[in-house]
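Every number in this text was worked out from the coordinates using simple rules, so none of it is lab data. Note that the structure is a prediction, hence the values are computed from the model and not measured. Backbone-built Cβ (ideal geometry, glycine too); neighbour counts: all protein chains shown.
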Amino acid sequence: MHERLNQWEFVWAALAIGVIGMLVMVVWSMVAMMRAERRRDKVRRK
Amino acid sequence: MHGFANPARFLRLARWLLPVLLVPGLVLSLGAIAWGTLYAPPDHLMGVTVKILFIHVPCVWLGMAGWTTIAVSSVVELVWRHPLAAIAARAAAVPGAVFTALGLITGSIWGRPTWGTWWVWDGRLTSFLILLFLYFGYIALADAAARDAAGGGSAGRIPAIFGLVGAINIPIINRSVVWWNSLHQPPSITMGRSAIDGTYLWPLLIGALGFSLIFGAVVLARMRMLLAQIQTEARLRRMAMD
């Protein structure tokens, strides 16, 4: 049986998962860093 | 090297370096993916799925680079007792694990139209999956060791030993397609030689540079986060004792 696949669907899926995954990691790391530094500065002011 | 053992000096450098790495990293990686996707021609065997190369290969390289960072930092921690080495290793673990997971997922998506299957238990795929499990183990172990160290325990060097032992998997991943039969193709890029045409090679290399800069920026951000957490906990302990 010959399977006909739309190759572009696989390309877009891989690109979307790769790019979104990378961007989520970047945003998560920046937000976590800013939160931790804000908490440290708040504790220092006490 | 010990010049940056002072956290204040390191933080000054990290604050300056983070945007310098992050902004060009995002521009280069997203630009290279767009370039490769829109302008690289279809391959005569793989068709347009060859464009998955521009996301899959940098993710795989950085998955392995992440563990290499852990191993090098572990050596620096064990031999020179550099105070920031353990923090650098812990900071590299999460981005390394994310890139390894993305490499596995994008590779699986690439495998379906080219090999006819999402997954095979061959040397390359299995050793790379083991790398992901090693990352999970390292992250859990390093978190536990950090909590133990905060409580005055002595488990601080165990993650460094685990990081060094786990590094044995990196050459296995690299050589797996040479040592064992695999659906995965042999290495296309070796030291000073490439079997990839320039039409694909340039966007791939520029994308890999961009992803590497992002990796560096994320490691710096996570080092700043870990240092801030340590400083907060130390301050709270001092306040509790006063």
> Per residue, what volume in Å³ does the Cα convex hull of region B:1-80 take up?
Replying inline: 101
>> Per-residue Cβ counts within 10 Å, from other chains only, averaged over A:32-43: what number is that?
In response: 6
> Looking at the square roots a ≥ b ≥ c of the eigenvalues of the Cα gyration tensor of region B:43-189, which shape do they give, rounded for a/c under 1.5, prolate if a/b is larger than b/c, or oblate?
Replying inline: prolate
> For region B:1-144, what relative contact order do you get, as a whole percent, if you take Cα pairs closer than 8 Å and at least 6 residues apart?
Replying inline: 21
> In nm, to one decimal, how far is the modelled label at residue A:9 from the one at residue B:172, with both set 7 Å along Cα→Cβ?
Replying inline: 3.6
> Compactness ratio of chain A: Cα Rg over 2.2 N^0.38 Å, N = residue count?
Replying inline: 2.19
> Of B:139, B:226, B:188, which is farthest along the charge dipole of chain B in the positive direction, counting Lys and Arg as +1 and Asp and Glu as -1 at C-beta?
Replying inline: B:226
>> Compute a Gaussian network model of chain B, connecting alpha carbons closer than 10 Å, and tell me which residue from B:79, B:120, B:57 fluctuates the most.
In response: B:79
> Normalised by the residues of chain B, what does the relative contact order come to in percent, with Cα pairs under 8 Å and at least six apart?
Replying inline: 33
> For B:115-125, what's the mean count of beta carbons from other chains sitting within 10 Å of each residue's beta carbon?
Replying inline: 0
>> When only alpha-carbon atoms are used, what values of Rg and Dmax, in angstrom, describe the protein assembly as shown?
In response: 20.7, 77
>> Along each principal axis of its Cα atoms, how long is region B:111-242 end to end? Whole angstroms, biggest number first, please.
In response: 66, 30, 29
> If you wrap a convex hull around the C-alpha atoms of region B:79-148 and split its volume per residue, what is the figure in Å³?
Replying inline: 97
> Looking at region B:177-242 from every direction and averaging, what is the projected area of its Cα convex hull in nm²?
Replying inline: 8.2
> For the protein assembly as shown, with only Lys/Arg (+1) and Asp/Glu (-1) charged at the beta-carbon, what is the dipole magnitude about the Cα centre, in debye rounded to 20?
Replying inline: 1480
